[in-house]
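Engineer: Have a look at this one before I ask anything.
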Amino acid sequence: MTVGHYENFPVASVLLPKAFRYPISVIYRFARTADDFADEGDLPAAARLAQLDAYRHELGQLKAGALSAQPLFDELRQIVQRYHLPLQLFHDLIDAFAQDVVKNRYADYAELMDYCRRSANPVGRLLLHVFDAATDDNLQRSDAICTSLQLINFWQDVAIDWRKDRVYLPQDEMRRFGVTERAIANGEVSGQWRALMRYQIERARALMISGAPLGRALPGRVGLEIRTIVQGGLRILEKIDKVEGDVYHHRPVLRAYDWPLMMARAIAS
């Protein structure tokens with residue numbers, strides 16, 4: 001598991017064969033820096049979008065075969081060529097981050113899934129291309145894992161996102177469970193809130209479990225890495241469940257003592 005914005009995604013873990021760590025670190029740096037344009041600092045929206053447009057331009061230059069003055073894109077060019085990485089997946093990430101600049105509410109689950117398709121799933125798909133394992137079944141399972149990880153991150157960070165004026169909980173589901181934005185602002189943990197969060201937890205868990213066979217479809221240490229990621233996501237869900245959705249006062253994170261449990265579960269799963 002990683003730290004920061006992509007804390008629920010793998011970043012060249014020591015579990016992985018050494019040959020994979022560098023290309024995965026380049027993919028991570030691309031995603032992390034582009035995400036920071038949307039999330040970090042005090043720049044106005046127009047400036048953030050301009051930074052993301054500059055990344056789009058660099059991807060266009062890469063596609064045209066032009067060299068870049070930016071070291072990151074020079075490294076990206078090398079791994080794109082080496083592993084035949086689809087450039088559209090990088091564009092999808094940029095589109096999602098740009099959406100974060102201008103969109104801060106989601107009408108329903110379908111809208112949220114469309115966002116996850118571009119903000120989360122490309123990372124897993126790119127890794128499968130690096131592993132030379134991008135079969136249809138593997139891609140589908142990877143999408144389930146990555147979308148679940150993104151949702152888990154949302155439910156961890158309800159309070160943090162609120163301070164950025166973002167609400168990722170689907171608006172129609174908030175209405176169904178009787179949860180208002182004022183309740184989020186006040187950090188209220190009512191019966192309605194617990195019911196809404198339980199619903200989100202169970203859906204994210206089911207999605208994660210549906211993708212978990214990917215960890216056995218991939219061989220050796222790569223498969224173990226995936227199984228560890230799955231167990232990390234499930235562990236965070238356990239922690240959210242344990243505090244009955246009170247992520248305002250008990251934001252769940254992975255601690256040192258969680259790792260032996262996750263590894264044991266990953267080996268056994």
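The values are calculated or read from the model by the stated rules, or taken from the named source; none is laboratory data. Bear in mind the structure is a predicted one, so any value in this text is a computation, not a measurement. Note: ideal-geometry Cβ built from the backbone for every residue, glycine included; neighbour counts use all protein chains shown. What goes into the accessible areas is simple: the full protein's heavy atoms, side chains included, and nothing from ligands, DNA or RNA. Shrake-Rupley method; radii C 1.70, N 1.55, O 1.52, S 1.80 Å.
Engineer: If you plug each phi of the stretch 44-49 into the Karplus form 6.51 cos²θ - 1.76 cosθ + 1.60 with θ = phi - 60°, what whole-Hz ³J(HN,Hα) values come out, in order, with x for Gly and Pro?
Structural biologist: Coupling constants for the stretch 44-49: x, 4, 4, 5, 5, 5 Hz.
Engineer: What are the ³J(HN,Hα) values, in whole Hz, obtained from phi via the Karplus relation 6.51 cos²θ - 1.76 cosθ + 1.60 with θ = phi - 60°, for each residue of the stretch 137-154 in sequence order, with x given for Gly and Pro?
Structural biologist: Each residue of the stretch 137-154 in turn: 4, 5, 4, 4, 5, 4, 4, 5, 5, 5, 5, 4, 4, 5, 4, 4, 4, 4 Hz.
Engineer: Moving on to the next point. With all protein chains present and a 1.4 Å probe, how do Tyr109, Tyr22 order by accessible area, largest first?
Structural biologist: On the way: Tyr109 55, Tyr22 100 Å².
Final ranking, largest accessible area leading: Tyr22, Tyr109.
Engineer: Sort Glu111, Glu173 by heavy-atom solvent-accessible area, probe 1.4 angstrom, most to least. Intermediate results must be reported in sequence, preceding the final value.
Structural biologist: Working: Glu111 65, Glu173 5 Å².
Reading off the accessible areas and sorting them downward yields Glu111, Glu173.
Engineer: Chymotrypsin sites (Phe, Trp or Tyr not before Pro) within the stretch 176-269: which are DSSP loop residues with at most 13 other Cβ atoms inside 10 Å? Don't skip to the answer; put the middle values down first.
Structural biologist: Values: sites: Phe177, Trp193, Tyr199, Tyr248, Tyr257; in loops: Tyr248, Tyr257.
For chymotrypsin sites (Phe, Trp or Tyr not before Pro) across the stretch 176-269 that sit outside H, G, I, E and B with at most 13 neighbouring Cβ atoms in 10 Å, the list reads Tyr257.
Engineer: Given springs between every Cα pair under 10 Å in a Gaussian network model of the chain, which of Leu93, Leu237, Leu16 has the largest fluctuation?
Structural biologist: Highest fluctuation of the listed residues: Leu16.
Engineer: Cut-off 10 angstrom, C-alpha nodes, Gaussian network model of the chain. Which of Gly215, Gly233, Gly60 fluctuates the most?
Structural biologist: In this elastic network of the chain, the residue with the biggest mean-square fluctuation among Gly215, Gly233, Gly60 is Gly60.
Engineer: Something else about it: Give me a comma-separated list of calculated 3J(HN,Hα) values for the stretch 20-31, in order, Karplus coefficients 6.51, -1.76, 1.60 applied at θ = phi - 60°, integers in Hz, x for any Gly or Pro.
Structural biologist: These are the phi-based 3J(HN,Hα) values: 8, 5, 5, x, 5, 5, 5, 4, 4, 5, 4, 5 Hz.
Engineer: Between Ala110, Phe131, Ile267, whose Cα lies farthest towards the positive end of the dipole of the chain when Lys and Arg beta carbons carry +1 and Asp and Glu beta carbons carry -1, centred on the Cα centre?
Structural biologist: Positive-end residue among those listed: Ile267.
Engineer: For every helix of n ≥ 4 consecutive DSSP H residues, a contribution of -39,500 (n - 2.57) applies; sum these over the chain, divide by its total residues, and give [θ] at 222 nm rounded to the nearest 500 deg cm²/dmol. Spell out each step's value before the answer.
Structural biologist: Working: 14 runs with 191 residues, N = 269.
Helix contribution divided over all residues of the chain: -23000 deg cm²/dmol.
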